[in-house]
Every structure is written in structure tokens, then in C-alpha cells.
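Q: The structure under discussion is supplied below as C-alpha cells; questions concerning it will follow.
The values are calculated or read from the model by the stated rules, or taken from the named source; none is laboratory data. As the structure is a prediction and not an experimental result, all values here were calculated from the model. Glycine also receives a Cβ, built like all others from the backbone with ideal geometry; neighbour counts cover every protein chain displayed.
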Amino acid sequence: MRIGEKTITENEFIYRAEYTPRPAYCRGSTNIHKKIVLNSLIAEKLLALEAGEDNEFIQSKNVQAYIKGRREQAMREILYTKDAYETVILDTTQILETLNLSGRTYSNTYVYFKDYATAKSFISNAPKLDNQITNQKFVFPTHENMQTRTVSWNETEHDSIFQALYTKPVTVNQVLGPIKIGNDNYLVLYVNGWKDTAIITDKQFQSRWRDISSYYKRRIAQRNYDEIINTVMRGRSIIFEQNTFFKFTDILASIYLDSGNNKEVDLNNILSPDVDKELKYSSSNNGQESLNKNTLFRLDGRIWTVDNFLEKLKSHPLVFRKKNIQNHEFGEQLKYAIIDVITNYYLTQKAYKSGYNNINSVQRIEQMWLDYINALYKKKQILSNSPMDSSIKSNYLQLIQTYLDPVVDSLQAKYSEFIEIDIDIYEDVVLSRIDMLVYQDNLPYPVKVPSFPLLTTDHILDYGSRKLYKREARIPN
């Protein structure tokens, strides 16, 4: 679809319809509901056109920082794809070895340890392997960290366990380890036995080959990306100013421990993020020098004040590695989150140098979020200038039908000759009736697409052209 100089691709249409919940009036898979979806997405572009990209709201520092953050997150994803994923060369011998072992569903007993030395000592002091693991000298039956589980090739809890079981043959009663499964976390694995399910048909063979190949490609790509990170961070140093950091930690703990660290898009929060507001309030009530002007850390000798870092957070919200953080460990987890912000800063610079900001998919993501936010702004203007009682304000369907449907109808007429709809592509799209929210964990902006635009209930396509776009015509003022 084309609306003036703005476009909606087939993929964007599908993502906006399927990757976020739709309202009840277009949640189904009928053709009428699909037309409402189309009209809603076009209405969003029309409102964005009406708002313009030079209005005071969209040009405000915080909104521009948000858009910049969305763009740079997309650039880092391209960096991963092009520099880490697409450069992978698979070892077919390794894939075949894993395929031959992939029919095994193991029964294993695990014993967990907090350090390598203790795990190694546990193995060294074990009796010979022909003894059972239940022998008291070997496992201590009441050991609180002992668990017995079944595991298949595509359900291993950790890559290290996959490596131990599915890259080379093992035997019954074999002890494996110590296997590192995290920082200061190790396990000793005892193979009780397995059931083997053979691959019989060629179709099963081809499917399993693809699945295992995909697994290896992702794993090697992540290793490649880790090496990129090591390269951009090699030789860099960060030194925290402890006094300021402790105060900063106390303020942020009251925000993140209470409300979580990832929020849906909200106009008010984009304009004045919670962290920014909280710190300004704290500083204004501090009789000493404003915390915002204090040095938070030194990066390669360069001073970063609290203000400097807050500016960075406007385009890169904090992401905590650990999701359930206790009060006593918040400071440590905050340091990790700050380091991750800095790491992404250097990865983004590498992406800019590679020209990834000019890639079409990155520009489309940036424009999608820009239009979404601009349309929200225009919608807010329309409703704020429309007198209404509280009963309508609380009924979003009546609000749309009363105040927004007429506006959208008028914009469809105003821009009709500048709207092109590819009916052939549109008719090929099949919508589901299942609500879904696609959430990308461990990213500064985890929600993949904007919320569905609540702008119109109209299901009539009585505007625009089928495949005719007058490029030489001017958009009306």
C-alpha cells in the first residue's frame, strides 16, 4: 500500500495485524475484519501526514531520542545478521554426528556445584564407573543439588549439556563434567541410560537435518557476535565513582524494583521518562551539588556524569540481565546493565560505520515508529478538541465511532488520489483469530511492533486506486 510518500509493505501489514492484539471489532479472520485492519493502518499514515514531521512534538528531544533508539536497535540486529549469522560456515560432519545421536532421549542425574574445584573433587572421589550412582560414596542420596531428568537433543537446558551429549557418543554409567553452565555454576552429569528413536523416512531425515543445521548456525552466530563484542570492547576500561553510583543506585532501585524495567510505549513516558523525572526530583531536593552533574563513571578516562548517562538512556533504556532482582543485588545488576549500554554504544558505532543505518529494513522500522507516534499525537489533538462526557471517554468503541471515524473518512477523501492499494497482495493475506504479542527479551525496546491503531471501525474500501499512483501529483495541504 502507498499513502502519499508513505508505504505499508505486506510484511508490515501482517506484523501490525498479528504481532500485537487487535481490538474486538477486528479480531477475527473475516474479510470485513481484514478491511478494518487495512483501513486502520492507512488511517495511521493519514494522521501522520496531517501531523507532519516538523511539528514541535515529533521534533522534541525525547521523541527524537526514542526514534533514534529504535533505529539503532534495528541496526544492531542487522549487524548480528550480516556480520555474525550470514558469515557462518557449517561443518556437515558435525551435523551428521549430531543427527546420528539425535534420536536418543537420555535419562541423566545431575549434581550442581558452585565452583569447579568442588565439582572436580566430587568426580575424583567417585568410585569406579561400574558402581551405581546411588552408591552413598558417590552421590550422597540426600544431596540437595541432585536431580534426575530426561533430555532430548532439542530440549537441553544449556548449550554445554548439548555439547556433552550430542556431539560425540557417550556410554551408560558414564560421568561427564565438570560442565560449566553459568558464572560460578557447574554440574556433574551421570548417564543412567537412554531410549533411541530411529529416523525412518527421508522426510524425517531432511527435517531433522534442517533443525540441527539451524541450531548450529544460531550457536556459531552467537559465538561470532561474542567475538565482535570482544573486539569493540578490547582495551576499554570503566571506573565507577562509588559515592555517586550508590546514590544513583538508591534512586533507580525505587523505580525498577517496583515497576519493572520494560514498559509499553506511552506518549507521556517518551516525553518525560520516569528515570529522568525521578532523578530531577531527587536532585532538586538535594541541598548539596546536583547529583545529575556528578561523575557517575569514567570510560577510557572520559567523564560521564549522571546527566550524560540519562541522555543515553533516552535512546537506550536499561536492560537487566537478571529478571528477578533482590534489593541487595540491585547495585551489581545495575553495573552489568550500564556496561551493556556502553557495549551497545560501541556496537552501534560499528553499525554506523558499516552503513547499516541506510539499509531499507532499518529505515522502514524507523518510519513505522515515527508514523505511529505522530498519529498518536494527532489523535490526542483531535480528541482534546472534541467536547465529550466521561461515559464516552471510558468507551473506546463509542469514542472511535463518534469522533474518529468521521475524521478518518474525511482524510480518506482528501488523500484518495494519493492512495494506492495492491488488492492482489491484500487478498493473499490470511489473518488469524489468535491474540499474540511478540516480545523480544533482553532488548532495550522489547515490543517488536507498535500497538494496533485504534482509529477507525470502517470496513469500506471506497477510496484510492488499485495499482495506480500519481507520482507527479502534489499532496494537498
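Q: Kindly indicate which of Asp202, Asp226, Asp184 is acidic (Asp, Glu), free of Cβ contacts under 8 Å to residues at least 40 places away in the same chain, exposed (fewer than 12 other Cβ atoms within 10 Å of the Cβ) and within 26 Å of Glu332 (Cβ to Cβ). Talk me through it step by step, then tell me what you get.
A: Details: Asp202 fails: within 26 Å of Glu332 (Cβ to Cβ); Asp184 fails: free of Cβ contacts under 8 Å to residues at least 40 places away in the same chain.
The conditions single out Asp226.
To keep it simple, each residue is scored yes or no on (1) farther than 22 Å from Asp458 by Cβ; (2) among the small types (Gly, Ala, Ser); (3) touching a strand residue (DSSP E or B) at 6+ places or on another chain (Cβ under 9 Å).
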position	(1), (2), (3)
Tyr346	yes, no, no
Asn358	yes, no, no
Asn374	no, no, no
Lys379	no, no, no
Gln401	no, no, no
Leu404	no, no, no
Tyr415	no, no, yes
Ile425	no, no, no
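Q: Here's another thing I want to ask about it. Out of everything in the range 398-456 that is over 22 Å from Pro23 (Cα atoms) and among the aromatic types (Phe, Trp, Tyr), what residue ends up being surrounded by the most Cβ atoms within 10 Å (Cβ to Cβ)?
A: Here the answer is Phe418.
Q: For Thr118, are the conditions met, namely being under 19 Å from Glu155 (Cα atoms) and modelled with pLDDT of 80 or more?
A: Values: under 19 Å from Glu155 (Cα atoms): no; modelled with pLDDT of 80 or more: yes.
So Thr118 fails the test.
Q: In the list Gln163, Gln174, which residue meets the criterion of being surrounded by fewer than 17 Cβ atoms within 10 Å (Cβ to Cβ) and without any contact (Cβ under 8 Å) to a residue 40 or more places away in the chain?
A: Details: Gln174 fails: without any contact (Cβ under 8 Å) to a residue 40 or more places away in the chain.
Matching residue, one of Gln163, Gln174: Gln163.
Q: Restrict the check to the range 103-115 and report whether at least one residue is outside any strand (DSSP E or B), among the β-branched types (Val, Ile, Thr) and modelled with pLDDT under 90.
A: no
Q: Here's a check for you: in the range 229-242, which residue that is part of a helix (DSSP H, G or I) and touching a residue at least 12 places away in the same chain (Cβ under 8 Å) is nearest to Tyr80 (Cα to Cα)? Break it down into steps so the answer makes sense when it comes.
A: First, pick out the residues of the range 229-242 that are part of a helix (DSSP H, G or I): 229-233, 242.
From what's left, touching a residue at least 12 places away in the same chain (Cβ under 8 Å): 229, 232-233.
On the way: Ile229: 10, Val232: 14, Met233: 16 Å.
For the range 229-242, the residue satisfying everything is Ile229.
Q: Suppose we keep only residues that are touching an Asp or Glu at 6+ places or on another chain (Cβ under 6 Å) and either surrounded by fewer than 16 Cβ atoms within 10 Å (Cβ to Cβ) or not charged (D, E, K, R) (or both) within the range 1-42. Which one would you say is nearest to Ser416 (Cα to Cα)?
A: The initial filter retains those residues of the range 1-42 that are touching an Asp or Glu at 6+ places or on another chain (Cβ under 6 Å), namely 2, 21, 39.
This time we only want the ones that are either surrounded by fewer than 16 Cβ atoms within 10 Å (Cβ to Cβ) or not charged (D, E, K, R) (or both), so: 21, 39.
Values: Pro21: 28, Asn39: 12 Å.
Within the range 1-42, the match that is nearest to Ser416 (Cα to Cα) is Asn39.
Q: Taking the condition of being in contact with a Pro (Cβ under 6 Å, 6 or more places away or on another chain) and β-branched (Val, Ile, Thr), how many residues in the range 404-460 meet it?
A: Summing the residues that are in contact with a Pro (Cβ under 6 Å, 6 or more places away or on another chain) and β-branched (Val, Ile, Thr) in the range 404-460 gives 0.
Q: If you don't mind, there's one more thing I want to ask. Which of the residues spanning the range 187-197 are loosely packed, with under 13 Cβ neighbours inside 10 Å and not acidic (Asp, Glu)? First the steps, then the outcome.
A: First, the residues of the range 187-197 that are loosely packed, with under 13 Cβ neighbours inside 10 Å: 193, 195-197.
Result: Gly193, Lys195, Thr197.
Q: Could you please let me know if Arg471 is of a type in the set (Lys, Arg), exposed (fewer than 11 other Cβ atoms within 10 Å of the Cβ) and at pLDDT 90 or above? It would help to see each step written out before you state the result.
A: Details: of a type in the set (Lys, Arg): yes; exposed (fewer than 11 other Cβ atoms within 10 Å of the Cβ): yes; at pLDDT 90 or above: no.
When the stated conditions are applied, Arg471 does not pass them.
Q: Between Ala74, Ala119, which is under 30 Å from the mean Cα position of the chain (by Cα) and part of a helix (DSSP H, G or I)?
A: Details: Ala119 fails: under 30 Å from the mean Cα position of the chain (by Cα).
Within the list Ala74, Ala119, the selection yields Ala74.
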